[in-house]
Amino acid sequence: MISSKPSEATTGRDVTKLVTPGPILLLGAPGSGKGTQAKELVRLWGIPQISTGDILRANVAQGTELGKAADALMKEGKFAPDELVNEMVAARLELPDTANGFILDGYPRTLPQANWLDAHLHTALPLVAVKIQVDYNQLLRRITGRRNCPHCQRIYNIYLQTPKRAGYCDVDGTELIQRSDDTAEVLEGRMKAYEALTAPVIEHYHQQGRYAEVDGDLEVYVVTAAIQSAVVKIRLGE
């Protein structure tokens, strides 16, 4: 349960420790840093990151009934329907490591999924949604500037995190590559799809007072602190 409101002398990280994080949904466009921030919150709050992609792959690998159904659909080139995804998420949320909260990554992605989750989320605290807002030009630099080492999988950026020797990995000297989907054209398409899907989800949580936005253009640790602060304020009803 939520702790009582701390005194004014208690601030920053101390406040964060006094508040149970509960379920958190991170929203953000491709390249906004959701994955990075989720890992930071996992480390700081000690709660799991729950990715629908990971859940789906685990069910398929384990040969569960849900996994078999999803695998058959994917082999036909189809997406797993909401009903299957919802059931997989529900099963994952029953595990004991979610008692104090969890971070959802990639779900709920649509309004029907958000409505279903609200109706079936058996936690003391309601879900809080936080959007990481990043300027489009910055997203473009992050995506189109990304370069990967095919050997050690280290990631660089020709604008933001350059290798010591242009075009080559610092660790093993392997020539860096650019993924085929790290282009301006692909980003534009993904942005349109993202905005069309998530706009209703954002409005859903915003209307219920369970939504906040943080500036994702800042340093990683500053964004992490802003997300924590936003969650704390909503939990304390500020």
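The values are calculated or read from the model by the stated rules, or taken from the named source; none is laboratory data. Note that the structure is predicted; figures quoted are calculated from it, not measured. Cβ: placed from backbone, ideal geometry, glycine included. Neighbour counts: every protein chain shown.
Could you tell me which of the residues ASP71, ASP97, ASP82, ASP135 is of a type outside the set (A, V, I, L, M, F, W, C), surrounded by 15 or more Cβ atoms within 10 Å (Cβ to Cβ) and within 21 Å of the chain's Cα centre (by Cα)?
Just one listed residue meets the conditions, ASP82.
How many residues, within the range 211-238, are of a type outside the set (Ser, Thr, Tyr), closer than 18 Å to LEU125 by Cβ and buried (at least 17 other Cβ atoms within 10 Å of the Cβ)?
Here the count works out to 8.
I want to confirm something. Restricting to the range 156-170 and keeping residues that are assigned to a strand (DSSP E or B) and in contact with a Leu (Cβ under 9 Å, 6 or more places away or on another chain), which single residue is surrounded by the most Cβ atoms within 10 Å (Cβ to Cβ)?
Within the range 156-170, the subset assigned to a strand (DSSP E or B) is 156-157, 161, 168.
Checking which are in contact with a Leu (Cβ under 9 Å, 6 or more places away or on another chain) leaves us with 156, 168.
Numbers: TYR156: 21, TYR168: 16.
Top of the filtered list is TYR156.
Considering each of ARG165, ARG141, ARG190 in turn, give the residue that is charged (D, E, K, R) and in contact with a Phe, Trp or Tyr (Cβ under 6 Å, 6 or more places away or on another chain).
ARG141
Do any residues in the range 150-168 that are under 23 Å from LEU139 (Cα atoms) have Cβ atoms under 6 Å from those of residues that are surrounded by 11 or more Cβ atoms within 10 Å (Cβ to Cβ) and among the polar types (S, T, N, Q), where the two are at least six apart or on different chains, and which pairs are they?
As it stands, the answer is ILE155/ASN148, since those pairs meet every condition given.
Enumerate the pairs (first residue in the range 104-131 and exposed (fewer than 15 other Cβ atoms within 10 Å of the Cβ); second residue anywhere and part of a loop (DSSP other than H, G, I, E, B)) with beta-carbon separation below 7 Å, excluding pairs fewer than 6 apart on the same chain, so at least 6 apart or on different chains.
Cβ pairs passing all conditions: ALA124/MET1.
Regarding the range 111-132, can at least one residue be identified that is farther than 30 Å from ILE234 by Cα and touching a helix residue (DSSP H, G or I) at 6+ places or on another chain (Cβ under 7 Å)?
Applying the first criterion (farther than 30 Å from ILE234 by Cα) to the range 111-132 yields none.
No, that holds for no residue.
If you scan the range 2-39, which residues turn out to be modelled with pLDDT of 70 or more, of a type in the set (Ser, Thr, Tyr) and in a loop (DSSP other than H, G, I, E, B)?
Initially, the range 2-39 is screened for residues modelled with pLDDT of 70 or more, giving 18-39.
Among the residues that remain, those that are also of a type in the set (Ser, Thr, Tyr) are: 20, 32, 36.
Within the range 2-39, THR20, SER32 qualify.
Restricting attention to the range 203-238, and to residues there that are part of a loop (DSSP other than H, G, I, E, B) and at pLDDT 90 or above, which single residue is nearest to the chain's Cα centre (by Cα)?
Checked the range 203-238; the qualifying residue nearest to the chain's Cα centre (by Cα) is GLY216.
Starting from the range 203-219, take each residue that is within 11 Å of LYS131 (Cα to Cα) and list its partners that are basic (Lys, Arg) and in a strand (DSSP E or B), counting only C-beta distances under 9 angstrom and pairs at least six apart or across chains.
The qualifying pairs are TYR211/LYS131; ALA212/LYS131; GLU213/LYS131; VAL214/LYS131; GLY216/LYS131.
Go through the range 179-202 and count every residue that is touching a helix residue (DSSP H, G or I) at 6+ places or on another chain (Cβ under 6 Å) and free of Cβ contacts under 8 Å to residues at least 40 places away in the same chain.
Going through the range 179-202 one residue at a time, the tally reaches 1.
Looking at the range 153-187, which of the residues that are among the aromatic types (Phe, Trp, Tyr) and in contact with a strand residue (DSSP E or B) (Cβ under 8 Å, 6 or more places away or on another chain) is farthest from LEU218 (Cα to Cα)? Give the steps one after another, and end with the answer.
In the first step, residues of the range 153-187 are kept if they are among the aromatic types (Phe, Trp, Tyr); the result is 156, 159, 168.
Those still in the list that are in contact with a strand residue (DSSP E or B) (Cβ under 8 Å, 6 or more places away or on another chain) too: 156, 168.
On the way: TYR156: 18, TYR168: 27 Å.
Going through the qualifying residues, I end up with TYR168.
Return the residue satisfying two criteria in turn: it lies in the range 138-152 and is closer than 23 Å to VAL214 by Cβ and touching a strand residue (DSSP E or B) at 6+ places or on another chain (Cβ under 7 Å), and of such residues it is surrounded by the fewest Cβ atoms within 10 Å (Cβ to Cβ). Let's see the steps before the verdict.
Going residue by residue through the range 138-152, those that are closer than 23 Å to VAL214 by Cβ are 138-143, 145-146.
So of that shortlist, the ones also touching a strand residue (DSSP E or B) at 6+ places or on another chain (Cβ under 7 Å) come out as 142, 145-146.
Values: ARG142: 22, GLY145: 17, ARG146: 19.
Ranking the candidates gives GLY145 first.
Here's a check for you: in the range 174-202, which residue that is charged (D, E, K, R) and surrounded by 11 or more Cβ atoms within 10 Å (Cβ to Cβ) is modelled with the highest pLDDT?
Checking each candidate, the answer is GLU175.
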